[in-house]
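This is the structure I want to talk about, given as structure tokens.
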Amino acid sequence: MRPRYLTKSRYKLGLECPTKLYYTGKSEYANQNLEDTFLLTLADGGFQVGELAKCYFPGGYDIKTLDYDEALRQTNDLLKKDQVIIYEAAIRFEALFIRVDILIKNKNHIELVEVKAKSVDTDSEEAFLNKSRSITSSWRPYLEDVAFQKHVIRCAFPECTVSAYLMMANKNALCPKDELNQKFKITKDKNGRKGVSVSQTLSEEDLAEQILVKVKVDASCDLIYSEEISVGPNTMSFAEHVNLLANYYVRDEKIVSEPSTGCANCEFRATDQEREVGLKSGFHECWKERLNWTDEDFKDSTMFEIWNFRKKGQCLDEGRIKLSDICKEDISPKEDENLGISSSTRQWLQVTKAQSHDATHWIDSENLYREMSAWVYPLHFIDFETSMVAIPFNKGRRPYEGIAFQFSHHVVQKDGQIEHCGQYLNTAPGVFPNYDFLRNLKKELDRDQGSIFRYAAHENTYLNMIYRQLREDQVDIPDREELCNFIRTITTPVKKSKEWVAGPRNMIDMCELVKRYYYDPATKGSNSIKQVLPAILNSSRFLQEKYANPIYGADGGIPSLNYRNWKWIEQVEGKVLDPYKLLPNMFQDISEKDFAVLSDSDELRDGGAALTAYARMQFEEMSEYERTEIEKALLKYCELDTLAMVMIYEGWKDLVYPK
Ligand code: SF4
């Protein structure tokens with residue numbers, strides 16, 4: 001049995017909610033986080049950044065073993081030296097155990113360097129503080145992690161002084177050489193354990209200009225140590241809190257917490273199916289214990305589902321958790337000057353529909369019709385898949401620059417004819433695809449002056465970003481002006497710009513149209529296309545009848561670049577299945593559960609599965625067969641993203657156009 005130590009990740013979990021420490025690591029409890037944390041680290045560039053950081057501190061000893069005792073033994077042996085650099089050093093003090101990314105010992109002084117897959121534009125810790133000199137909420141988790149490590153080292157080696165650093169990608173740094181990115185590859189050993197291998201060709205020149213920056217965070221640690229922490233009715237110091245978490249964890253005893261707004265996304269909530277097969281649900285246990293809820297209570301909708309609701313904390317404190325407990329004063333619905341429905345009116349609509357058990361959709365036909373009548377045919381529906389790559393592809397590029405590697409394009413003609421007419425995918429390792437992506441997109445959209453549709457802000461944000469890249473790029477780009485011009489015509493600048501205002505063919509955001517003109521209770525307040533699509537397919541007889549036949553990709557049917565004779569409507573017990581669930585899994589070696597988490601991950605945002613696929617194709621060694629299979633799946637998924645927009649358009653048209 002592995003010893004029950006409070007590690008960095010468990011400490012982090014205990015800070016989120018101390019009760020989670022009881023559920024973690026127990027196979028009898030459902031856990032909605034990724035089983036395979038490797039995927040997350042791969043997708044956010046953690047492996048590459050971690051390995052590159054080691055290269056900036058050469059001559060260190062790598063403690064590779066995962067065995068606690070052996071890692072401690074090797075570390076303690078090395079720490080007998082006066083001067084030493086250790087990667088993954090293992091340090092234990094009583095029940096606290098950490099692995100330090102990079103530890104540098106110089107006589108009685110220890111530097112701890114925590115490497116993070118994140119970017120900053122400064123080497124000063126001022127960036128982590130807000131105006132009131134407290135730590136910003138976005139940086140707090142990283143700094144608490146370092147503060148915990150510094151605390152453990154100081155306890156374990158009281159004779160030493162300790163300095164703490166965060167090491168992250170420097171947004172302002174320019175990559176010194178081409179192909180640096182491809183010198184850090186993911187490898188698998190004979191036991192299937194994955195790691196990063198650094199190419200033999202990595203040279204001094206590659207490392208000459210550092211693209212990571214080391215930020216001293218001792219003052220932030222001191223701020224954290226000076227804070228009083230409330231646990232139930234008690235307050236305690238940092239050290240007392242750490243001991244409390246460790247003691248409960250060691251004894252495997254539950255710290256019962258008051259329900260909080262964090263419960264809404266608790267990973268220890270089992271789905272109905274998981275509970276049916278006997279998995280325990282930490283969430284259900286907590287709420288039964290603290291709120292005396294019964295199994296019946298969990299069937300009711302809660303105010304956590306209200307879209308963009310700011311008073312969740314207040315209602316929770318007052319014990320008004322179910323949607324039936326919410327009253328008009330909580331929402332104060334007010335109209336605004338724009339067409340359609342305001343956000344507060346929409347929230348109230350959601351509440352009243354739930355309270356009156358009204359499952360029918362709501363649509364503002366008059367105003368939506370007015371919008372739709374202004375659209376110019378043919379209509380173009382586009383969707384991008386993107387990624388951020390930690391170590392740049394080329395000389396002169398910056399860390400964590402956005403990469404646009406895929407798009408899909410559907411066209412709808414005035415007579416209702418639909419075609420999946422274009423797509424782009426470039427996953428070639430080491431190739432910066434953005435300009436090629438843009439040229440291909442331009443070719444697709446330049447054929448006419450029809451309206452262009454996106455879903456949410458992503459496509460606009462990325463085109464703005466490519467615009468900046470084009471403007472700043474020092475290399476010769478013959479069609480630079482033409483490309484910049486194209487971006488200006490179809491976007492809105494994300495920041496105030498002297499160069500352009502919203503372009504004449506500015507993309508229309510369908511998500512905004514959903515928010516103003518359409519609400520379906522089946523979406524449970526979410527406006528994500530992944531919720532809106534199944535909802536409209538379930539309510540629209542028109543869509544059900546049209547797509548119940550295998551017309552998609554069929555001769556004489558809807559032309560498709562990736563599907564043949566596909567039927568989108570499959571019903572089980574009278575309910576239309578989510579079309580995304582009909583697609584083949586993107587990865588053969590990843591569990592269905594992990595794939596579902598990746599596809600829906602908040603941490604990776606929408607498109608988590610696609611960006612993970614991109615990261616794997618960049619950095620993992622894979623056969624041509626595997627590569628082709630993943631590419632085929634990526635093309636299918638992205639095509640469904642734009643088809644989903646087309647289906648929503650068709651569903652609306654059926655509802656609002658006079659018959
Ligand atoms: S349900 Fe709430 S109280 Fe229970 S572990 Fe999850 S976050 Fe903590």
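Treat the count of other C-beta atoms within 10 Å as a stand-in for reagent exposure and order Ser451, Ser332, Ser220 from fewest to most.
Placing the least packed residue first, the sequence is Ser332, Ser451, Ser220.
How large is the charge dipole for region 517-656, taken about the Cα centre, if only the Cβ atoms of Lys, Arg (+1) and Asp, Glu (-1) carry charge, to the nearest 20 debye?
540
Mind checking the alpha-carbon convex hull of region 281-410 and giving the volume per residue in Å³?
Spread over its residues, the Cα hull of region 281-410 gives 251 Å³ apiece.
Something else: Can you give the calculated 222 nm mean residue ellipticity of the chain, where each DSSP H run of n ≥ 4 adds -39,500 (n - 2.57) and the sum is split over every residue, rounded to the nearest 500 deg cm²/dmol?
Value at 222 nm, helices only: -11500 deg cm²/dmol.
Please give me, ordered by residue number, the GluC sites (Glu not before Pro) of region 300-360 that lie in loop per DSSP and have at most 10 other Cβ atoms within 10 Å.
Glu335, Glu337
Taking H placed 1.01 Å from N in the peptide plane, check which residues at least 5 places from Asp383 or on another chain put their amide H under 5 Å from its amide H.
Under 5 Å from the amide H of Asp383 lie the amide H atoms of Ser408, each far enough along the sequence or on another chain.
Can you tell me how much longer the chain between Asp473 and Arg447 gets when fully stretched, taken as 0.36 nm per residue apart minus their C-alpha distance, in nm with one decimal?
6.6 nm
Mind checking the dipole of region 207-250: about its Cα centre, +1 per Lys or Arg Cβ, -1 per Asp or Glu Cβ, Debye to the nearest 20?
140
Okay, next question. With no solvent and one point per C-alpha, what does the Debye sum give as log10 I(q)/I(0) for region 370-497 at q = 0.10, 0.12, 0.17, 0.20 Å⁻¹?
Values, matching the q order: -0.34, -0.48, -0.93, -1.23.
What's the exposure ranking of Leu79, Leu339, Leu441, going from fewest to most Cβ atoms within 10 Å?
Listed from fewest to most nearby Cβ atoms, that is Leu339, Leu79, Leu441.
Quick one: angle between helix 480-490 and the longest Cα principal axis of the chain, in degrees between 0 and 90, rounded to 10, please.
With rounding to tens, the tilt is 60 degrees.
Expressed as an acute angle from 0 to 90° and rounded to the nearest 10, what is the orientation of the C-alpha long axis of helix 624-656 relative to the principal long axis of the chain?
50
Specify the angular offset, from 0 to 90 degrees and rounded to the nearest 10, of the alpha carbon long axis of helix 529-539 from the longest principal axis of the alpha carbons in the chain.
The helix 529-539 is inclined about 40 degrees to the chain.
Assuming R0 = 30 Å, what is the FRET efficiency of Lys80 and Lys395, from their Cβ-Cβ distance, to the nearest 0.05?
0.10
Principal axes first, then extents: for the Cα atoms of region 34-226, list largest minus smallest coordinate on each axis, whole Å, largest first.
Reported extents, whole Å, longest axis first: 45, 43, 37.
Can you grab the distance from the C-alpha centre of region 185-207 to the C-alpha centre of region 90-161, Å, no decimals?
26
Across the chain, what fraction of all alpha-carbon pairs, as a whole percent, falls in each successive 20 Å bin from zero upward?
16, 47, 33, 4, 0
To the nearest 20 debye, what is the magnitude of the charge dipole of the chain about its Cα centre, counting +1 on the Cβ of each Lys and Arg and -1 on the Cβ of each Asp and Glu?
520
Over the Cα atoms of region 70-135, what radius of gyration and what Dmax do you get, in Å?
Taking only Cα atoms of region 70-135, I get Rg and Dmax of 15.4, 46 Å.
Take the alpha carbon atoms of region 476-526, find their center, do the same for region 28-52, and report the distance between the two centers in whole angstrom.
Centre-to-centre (Cα) distance: 32 Å.
Between region 312-345 and region 229-287, what is the C-alpha centre distance in whole Å?
With region 312-345 and region 229-287 each reduced to a Cα centre, they are spaced 29 Å.
Here's another thing I want to ask about it. With point charges of +1 on the Cβ of Lys and Arg and -1 on the Cβ of Asp and Glu, referenced to the Cα centre of region 255-412, which listed residue (Gly402, Ile341, Asn292) lies farthest in the positive direction of the dipole?
Gly402
Of Met510, Met645, Met617, how do they rank once you tally other Cβ atoms within 10 Å and put the fewest first?
Starting with the residue having the fewest Cβ neighbours, the order is Met617, Met510, Met645.
No lab work stands behind these numbers, since they all come straight from the coordinates. Computed from a prediction, not measured in an experiment: that's the story for all the values here. No Cβ is skipped: glycine too gets one built from the backbone with ideal geometry, and neighbour counts run over all protein chains shown.
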